[in-house]
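J.: What follows is a structure written as structure tokens; I'll ask about it next.
The values are calculated or read from the model by the stated rules, or taken from the named source; none is laboratory data. This one's a predicted model, so the numbers in the text were calculated from it and none came from an experiment. No Cβ is skipped: glycine too gets one built from the backbone with ideal geometry, and neighbour counts run over all protein chains shown.
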């Protein structure tokens, strides 16, 4: 899920320019479901700044019922000497 939190930081040149850590995550199950059936996973990042990113995900079954929610917080740092697309 960290990929959604990284999306605002497109100026980073490569994976080796970043240090990433996952510092918190949780899953809530709202109703019974089968993992061997079709599930839609929709994710977004409500905030990604100051070296932190928060990613949310919602799992829906084929009937459109929300069956689970997930949240993950990440720590994102640029390595010293990394080149970014940010001019200032």
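J.: Can you name every residue in the stretch 53-81 that is in contact with a helix residue (DSSP H, G or I) (Cβ under 8 Å, 6 or more places away or on another chain) and either in a strand (DSSP E or B) or farther than 19 Å from residue 20 by Cα (or both)?
T.: Listed by number, the residues that qualify are 53, 54, 55, 72, 74, 76, 78.
J.: What about residue 20, is it part of a strand (DSSP E or B) and either out of contact with any helix residue (DSSP H, G or I) (no Cβ under 7 Å at 6 or more places or on another chain) or modelled with pLDDT of 95 or more (or both)?
T.: In short, no.
J.: Pick out the one residue from 33, 45 that is part of a loop (DSSP other than H, G, I, E, B), surrounded by 10 or more Cβ atoms within 10 Å (Cβ to Cβ) and at pLDDT 80 or above.
T.: Unique residue meeting the criteria: 33.
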